[in-house]
Structures are given as structure tokens and as C-alpha cells.
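The values are calculated or read from the model by the stated rules, or taken from the named source; none is laboratory data. Given the structure is predicted, the values throughout are model-derived calculations rather than measurements. Because the Cβ atoms are built from the backbone with ideal geometry, glycine has one as well, and the counts that use them run over all protein chains shown. Quick note on the areas: whole protein, heavy atoms, side chains included, nothing else; ligands and nucleic acids left out. Shrake-Rupley method; radii C 1.70, N 1.55, O 1.52, S 1.80 Å.
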Amino acid sequence: MGEKKGISFLTIISTVICVVFVCEAAAPAAAIGNQQFFWWIFLIVTFLIPYGLAVAELGTTYDSDGGIIDWIRDGLGDKWAARASYYYWVNYPFWIASLATMFPPILSMAFGIQFSLATSLIIELAFTWIVTFMAFSKVSDSEWVLNGGAIIKVAIAVVVGCMGIWFASQHGFANDMSPQTFLPSGLNGLSYISIIIFNFMGFEVICTMTGDMKNPKVEIPRAIIMGGAAIAVIYLFCGFGIGAAIPADKIDPDYGMIVAVQTMVGNSWLFKLICVAFLITFFANMASWSFGVNSVAAYAAQTGNMPKVFGKMNPKTGMPDGAAITNGVVASLVLCIQLVPVKAISDGIFWMLFSLSVVFLLLTYVPMFPAFMNLRKNDPNRERVYKMPFKRGLLKAAMIIPMIELVGVIVTTVVPLSADEVSSKMPMLIGFFVLLAIGEVVRVASARGRTEEYHGLT
């Protein structure tokens, strides 16, 4: 028999970069100022390393298209698997909608075209349904999207970082670079720390692609370690470039990277090129995440933890078209809130939708850590090709600290930390609790199709 065909390791690394490195998240992280470098290093040690090692062990031990949801289901049972499935899914259409809202303003900045609300909505809906239809293809048929998206993302980050160094050498740094500014102080910027952790998330998506890999037990740990190191360097370099050109308190969380480039090179051809490349990366973002999100939603539907519509598979391609179409419909409805004449909604629409996407994605990972501990305890005889090297108290600390950090950044993102934040965060806070309540309704309704409840490997 011949060697098993599958996606190349280069494509796996490209998928990691495509999934985890998110260009639009660089600006909110840079808005923290020089403190971002402290938080990056701190969270790499306390969050990224234990999270990445846990994912590597789970991904090579429990081979399933359900990915993180299957791990939570085996560790904690159906109830928490259903909640995590909903959180993991609902972040995706909100993310699609948030990226869609960036298209008209960035095109306006690049080419001086002004769009009416109706025209903007048409452009946004066009993006939404293009990425929806892209999700109908198999991951092995979309290697060019993943590889191309990764190359463009890295190119943008490197260009912005280099431009920042050049700009600072010509005009000086836009921010105070004294040593004390690199240390955290007060509550300034805490709302954006969630973006740094968000920038680490997504390694488990490659675990849903094990069927397309040649040797997943070797390739997954390697991809997580190599991809994680590369992504941390890329983010720090790009964040430095943005901070070199724009004062931290002036960085727009919506268009900070684009504004930084415009500040450095004006409305030149290079600015227009970066704008177009920036928008192209959105398609790669959504395509790469769709493979994981849709597979997880379909798996959850098949186990009675999500509505049955998510489990509808295309008989020819084997892809979860039901989940993809549902994403497109929900994202389209979310975009229609722009028709509501409320200033708090129209101002900063990207950040409101994007932050809701972020907090629900982060919420998904909270039960993963206790599930990991339960699986270590209750399934000790399972063969583990890769095993996290921590033991006893260090292992508990490696699982508890990331949980605390996740809960903390979720709270600081949606809860107003000062009177000035009440008006901007109130729509976000209301949306969070509404979506949380809908999730419980979905969980209970989906459970009616199950003959019995699975309590995990206890």
C-alpha cells in the first residue's frame, strides 16, 4: 500500500498561522501601549504554554472531528459539551459580521469612495455569503487559501513592523519609551487584554483536521510549538510598528493598523496595497476557522448537543453545509442591527461585535482545563503519544491559572470598569447576557433529542 495522502506539514503550519494570527486584532492589543509587551510575555508563560501543551496532548490522544467539544464531553459530560458547543459556534457568525463592517470604511480610506448605509450593507452581506460558500469546500481542496492567507498576513505584519522602525528613526517614537511605561499600571487598557489571549486561541482547530493529515500524532505537537513561537514574534513585531506611529491613547481598536500605515506613508500606493491585502486576509481567516467551527457544530448536533440543522452534511463532499448556511443567516441578521438608529450601536460597531465574538470564544475554553484534569484522572490507561511534562501541583497550577485568566479577561471586556465606559460597554454587556440566555435555551431544546445523557469517562 502507498503512503497515506494528506495535507502537507507546510499547510498545517500555514493553517495555524491563518487561524491564530489575526491582523485585525493587532490594533486593540497595541492600544494597551507599551504594557502590551509585558502582558504578551506574561501570558505566553502563564497561558499559551500550558494551553498549547494541553491541546497537544488532547489532540494526539483523543482523535475526533469534535475537537475541543469532544474533549469537554469526555471530561465533563453532555451538559458542558452543549454549552461549549454553543459558545464556540456563536462566536463565529459574530466574527464574520464584525469583519464585514470593516470593508466599506477601509475601502473608503483607500480609494476615497463614500458608501451609503444601504450600499455598505450590500458589501457586508456579499462578504458574509462569499465566506459562507467557501466553507462548502474540503480543507484539502483549500490549501491555496490557507497558504496564501498565511503568507499575506505575515507579509503585512512584517511590513508594518519595518515601517514602524523606519518612522521612529525619522520622527521619533509616538509613545513614551521610558522603562516604567512597559509595566502595567492601573486599569488602563485591561479591556483589551482579552485580545492578547484571543490571539493565542485556535490551535485546536488543526486537531479537527486529523483525517487529512499524514501523521497527526507527530504533526500536531510540532505545529503547535513551531506555530506558537512564530505567531508570538509576528504579533510583537507588528504591535511595535503600530505603537511607533500612533500614541497608545489615540489607537482606534477598529482601524488602528490601517491608520498607523496611513500616518507613516500617507495615501500612497503602498497604503492602498496594504488596505487591499488586509481585507483579503479576512477571507482566509473565515475559511480557516470555518473548518473547525462547522465540524464541531456538526459533531455536537450528532450527539444531541446542538440543533439538528447543524448536523446536515453534504452527501457529495461530506462537509457540514447546514452549519455553514446557518452561520451565513445569523451573521446577516447581526449585520442588520446597523439599521437601528442608536448612536451607541453605530459608533464602534466593529469593536462591539468583535468583542462579543472574543468573549464567547474565550468562554469555550474555560471548561477545557477541568476536562483535561478529569481525563488524566479517569482515563489513565489511554495511550498518550504526547504527554504534558507537568505533574502534581505544577500540573494543577498550569490548568487553574489559565482558567482564572480567561474568566478575568472576559469580565474586564464586557463589564464597565469606569463611568466613561458605561455608554460604550452597555450594549456589549446586554448582548452578552442575551446570547448566554439563548445558549441555555438551545442546550435544553437540543437535549430533547437524546435518549440518554453522557456523563463522560468517569
C-alpha long axis of helix 321-335 to longest principal axis of the chain, angle in °: 30
Net length gained if the chain between L417 and F173 were fully extended (0.36 nm per residue, minus Cα distance): 84.9 nm
Using 0.36 nm per residue, how much length does the chain from V329 to N267 gain when fully extended, once their Cα-Cα distance is taken away? 18.7 nm
So L436 and R382, fully extended at 0.36 nm per residue minus their Cα-Cα distance, gain in nm 16.0 nm
Grab the beta carbon distance between V407 and D249, set R0 = 22 Å, and tell me the FRET efficiency rounded to 0.05. 0.20
Can you give the accessible area of V265, probe radius 1.4 Å, in Å² rounded to 10? 40
Does the stretch 313-389 come out rounded, prolate or oblate, given a ≥ b ≥ c as the square roots of the eigenvalues of its C-alpha gyration tensor, rounded meaning a/c under 1.5 and, failing that, prolate meaning a/b above b/c? oblate
Taking a probe of 1.4 Å and leaving out DNA, RNA and ligands, the chain shows per residue an accessible area in Å² of 40
Translational diffusion coefficient, Stokes-Einstein: compute it for the stretch 70-177 using the Kirkwood radius over C-alpha pairs as Rh, at 4 °C and 1.567 mPa s, and state it as an integer in µm² s⁻¹. 72
How many nm separate the modelled label positions at H455 and I113, each set 7 Å beyond the Cα in the direction of the Cβ? 6.0
Considering only protein heavy atoms, with the full assembly of protein chains and a 1.4 angstrom probe, order I130, I410 by accessible area, largest first. I130, I410
Treating only Lys and Arg (+1) and Asp and Glu (-1) as charged, each at its beta carbon, one finds that the chain has a dipole about its Cα centre, in Debye to the nearest 20, of 860
Kindly count the pairs of lysines across the stretch 370-434 whose alpha carbons are less than 16 Å apart, treating pairs on different chains or eight or more residues apart as eligible. 4
Whole-number percent relative contact order across the chain, with pairs defined as alpha carbons under 8 Å at least 6 apart: 35
Helical contribution to [θ] at 222 nm, DSSP H n ≥ 4, -39,500 (n - 2.57), averaged over the chain, rounded to 500: -22000 deg cm²/dmol
